[in-house]
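In what follows, a single structure is set out as structure tokens and then discussed.
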Amino acid sequence: MRDASVVLCYHKVGPQAEVGRWLNLEPEALRRQIRFLRRRGFRIALARDLADSRATRLACLTFDDAYQCFVDYGLPILDSEAAPSSIYVVSGEVGGASNWDGDRAAPLAGLEALHAARARGHELGNHTATHRFLGQLSEEEQAQEIATCHDWMQAQGWTPESFCLPYGSHNEVTAAVIARHGYAVGLTTRAGFITAQTDLRLCPRIGVSYSDGVAGLWYKLTIKAWIKGYRV
Ligand SMILES: [Zn+2]
């Protein structure tokens, strides 16, 4: 993967005792991963930077759903490491809870915290209006989920430049709908790296959670990638 880029998919950040293990990473593990990626020659970048065709060997740290625990525990680590991140906002639940998680619903960041993150150089991206499975929706419904979030973000003075598919769910029309709304970059949950051949509207990502440390991340970027044959 010499010149490939990688998009890492995170959700929660916090102490296990408080946040639990599900989709969570300990704050210091995040710090160690950032340093590990830099030692391996990656430049920590925003997801929207993938659209620059000259960019190679980027590591994009993406945080789905904008959990409050990410604001409390993840952002301070990122800021202290001068590592920018891309945060995916569900416009209909800002300041609410991740009700799509069912029994595991957790608080989501409010407007003020999102403004503050953006002011510190983090990217805010579109994660739809209500976090539904786009692959199960009609083209019109998908467009509405995307446009509602897009318009809401623009009303805040933000122009989202990358899009994250809830659950990675998509069907044959999704990439075109994303493109029609002006997004060059869309993120899925399929595992893989980003190369010159990748369709950037359906980018693969490497999921990081459940207390993956540096060893876990290294395994996913090397041995597991080899076993699974991650490619374009
Ligand atoms: Zn999500």
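The values are calculated or read from the model by the stated rules, or taken from the named source; none is laboratory data. Owing to the predicted nature of the structure, the values given are computational and were not obtained by experimental measurement. All Cβ positions, even for glycine, are placed from backbone atoms using ideal geometry, and neighbour counts span all protein chains on display. When the accessible area is computed, the model is the full protein with side chains, heavy atoms only, and any ligands, DNA or RNA have been set aside. Shrake-Rupley method; radii C 1.70, N 1.55, O 1.52, S 1.80 Å.
If you check Ala215, Ala143, which single one turns out to be closer than 28 Å to Asn24 by Cα and more than 17 Å from the chain's Cα centre (by Cα)?
On the way: Ala143 fails: closer than 28 Å to Asn24 by Cα.
It is Ala215.
For the stretch 187-201, indicate whether the set of residues that are over 23 Å from Leu37 (Cα atoms) and more than 16 Å from the ligand (Cβ to nearest atom) is non-empty. Working first, answer last.
Applying the first criterion (over 23 Å from Leu37 (Cα atoms)) to the stretch 187-201 yields 199, 201.
Going one step further and asking which of them are more than 16 Å from the ligand (Cβ to nearest atom), we end up with 199, 201.
The answer is yes, given that some residue of the stretch 187-201 is over 23 Å from Leu37 (Cα atoms) and more than 16 Å from the ligand (Cβ to nearest atom).
Being closer than 21 Å to Cys164 by Cβ and open to solvent by 20 Å² or more (accessible area, probe 1.4 Å) is the filter here; which residues of the stretch 12-37 pass it? Don't jump to the end; show me each part of the working.
Keep residues of the stretch 12-37 that are closer than 21 Å to Cys164 by Cβ, which gives 12-14, 19, 22-25, 30, 33-34, 37.
Residues satisfying the conditions are Val19, Trp22, Leu23.
Out of the residues in the stretch 77-126 meeting the condition of being of a type in the set (Val, Ile, Thr) and away from the ligand (no atom under 12 Å from the Cβ), tell me which one is nearest to Phe42 (Cα to Cα).
Taking the stretch 77-126 first, the residues of a type in the set (Val, Ile, Thr) are 77, 87, 89-90, 94.
Of the ones still in play, those that are also away from the ligand (no atom under 12 Å from the Cβ) are 77, 94.
Values: Ile77: 18, Val94: 32 Å.
This residue is Ile77.
Hey, among Asp212, Asp199, which residue is at pLDDT below 95, closer than 21 Å to Asp3 by Cβ and not small (Gly, Ala, Ser)?
Details: Asp212 fails: closer than 21 Å to Asp3 by Cβ.
Among Asp212, Asp199, only Asp199 is at pLDDT below 95, closer than 21 Å to Asp3 by Cβ and not small (Gly, Ala, Ser).
Contact list please: Cβ distance under 7 Å, first residue in the stretch 161-178 and of a type in the set (Asp, Glu), second residue at pLDDT 95 or above and open to solvent by 10 Å² or more (accessible area, probe 1.4 Å), pairs at least six apart or on different chains.
Within 7 Å, the pairs are Glu161/Arg48.
Would you call Arg40 open to solvent by 20 Å² or more (accessible area, probe 1.4 Å) and under 23 Å from Tyr219 (Cα atoms)?
On the way: open to solvent by 20 Å² or more (accessible area, probe 1.4 Å): yes; under 23 Å from Tyr219 (Cα atoms): yes.
Yes; evaluated as a whole, the condition is true for this residue.
Sort out which residues of the stretch 40-66 are within 16 Å of the ligand (Cβ to nearest atom) and of a type in the set (Asp, Glu), and write them in order of number.
Correct list: Asp64, Asp65.
Tally time: how many residues in the stretch 159-173 are modelled with pLDDT of 95 or more, of a type in the set (Ser, Thr, Tyr) and more than 12 Å from the ligand (Cβ to nearest atom)?
Of the residues in that region, 1 qualify.
Being touching a residue at least 40 places away in the same chain (Cβ under 8 Å), open to solvent by less than 10 Å² (accessible area, probe 1.4 Å) and either part of a strand (DSSP E or B) or more than 24 Å from Cys203 (Cα to Cα) (or both) is true for just one of Cys60, Cys9. Which residue is that?
Values: Cys9 fails: open to solvent by less than 10 Å² (accessible area, probe 1.4 Å).
Just one listed residue meets the conditions, Cys60.
Of the residues that sit in the stretch 63-78 and are touching a residue at least 60 places away in the same chain (Cβ under 8 Å) and of a type in the set (D, E, K, R), which one is surrounded by the fewest Cβ atoms within 10 Å (Cβ to Cβ)?
Asp65
Pairs only if they're at least six apart or on different chains, beta carbon under 7 angstrom, first in the stretch 202-227 and at positive phi, second of a type in the set (Gly, Ala, Ser); list them, first residue then second.
Partner pairs satisfying both residue conditions: Ser211/Ala29.
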